[in-house]
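I have placed the structure first, in the form of structure tokens, so that the comments after it can refer back to it.
None of the figures in this text is laboratory data; all of them are computed from the coordinates on show. These numbers come from a predicted model, not from an experiment. Quick reminder, even Gly has a Cβ in these numbers, built from the backbone with ideal geometry, and neighbours come from all protein chains shown.
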Amino acid sequence: MRIFAGMMIVSCIALIGCSDGQDQEVEVQEQSAVAQWTTVTPEEMSETQKAQHELCLAATNAFASEMMGELMAALDSDDPTAGITVCGAKAPAIAAHIVEDYGVKIGRTSQKLRNSANTPPQWAEQTVAGQVGHPTYLIGPNGEFGALLPIRLKAQCQMCHGTPEEIDESIQSALAEHYPDDRATGYAEGDLRGWFWIEAQPGETTS
């Protein structure tokens, strides 16, 4: 099956104490589980993994296309804060029906989150922390297929993600109201804003 590596829609959507021995044991087990995820290149993929790859790209394209349509419509309105509503309120609903339509898990994440709910899944944490700017694919211990697809900032998205001088006061106020812990500003056009992450259901096992 041919792999369409360039089919992804790159958009500006943002879209992003004490412990005892038992807690320490859980942490070690979680790290061990994450360590079992291994990277794979398109050239190394089996036929099953290529099919999982294609499914992840198709789901991401559908998610990004619908989100971008909603966002562009909002930006054409007279309300400069309308884009915040799209990213905050409509994105989860769009993601939910993509999950149902394609049978994948999907979301957006970033190294500088706007919404704390967008933290990456464990298998994606290392790639996010390393700010890897190219598509990354991983295989889980039970044959799961994970994809991290970069999101680059578009010029029009600086109105919500640029420097304080570029962001209108009304938008700054709305961001402070909805996202008091916002870290997703200070970006320039072309910067790595974050990633779409997608996880396809198990295919082949790695054991």
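Extension gain for the segment ALA176 to GLU100, taken as residue separation times 0.36 nm less the Cα-Cα distance, is 24.1 nm to one decimal. Can you tell me the relative contact order of segment 42-169? Whole percent, Cα pairs under 8 Å, sequence separation 6 or more. Relative contact order, segment 42-169: 16 percent. With contacts taken as Cα pairs under 8 Å at a separation of at least 6 residues, segment 137-207 carries a relative contact order of 54 percent. Counting every alpha-carbon pair across segment 39-200, the share separated by more than 23 Å comes to 39%. As a rough guide to protection, the peptides 54-62, 149-157 ranked by mean Cβ packing within 10 Å, highest first, stand as 54-62, 149-157. Here the calculated FRET efficiency for THR119 and ASP78, from their Cβ-Cβ distance with R0 = 30 Å, stands at 0.35, rounded to the nearest 0.05.
Among HIS134, HIS178, HIS53, HIS97, the order by Cβ neighbours within 10 angstrom, fewest to most, reads HIS134, HIS97, HIS178, HIS53. Across segment 144-154, rounded Karplus estimates of 3J(HN,Hα) from the backbone phi angles (6.51 cos²θ - 1.76 cosθ + 1.60, θ = phi - 60°) give 5, 10, x, 10, 10, 10, x, 10, 9, 6, 7 Hz, Gly and Pro being marked x. Of the residues GLY162, VAL128, GLY140, the one whose Cα sits farthest towards the positive end of the charge dipole of segment 111-174 is GLY140 (charges of +1 on Lys and Arg Cβ, -1 on Asp and Glu Cβ, taken about the Cα centre). In terms of its C-alpha gyration tensor, segment 105-207 comes out prolate, because a/c is 1.5 or above and the ratio a/b outweighs b/c.
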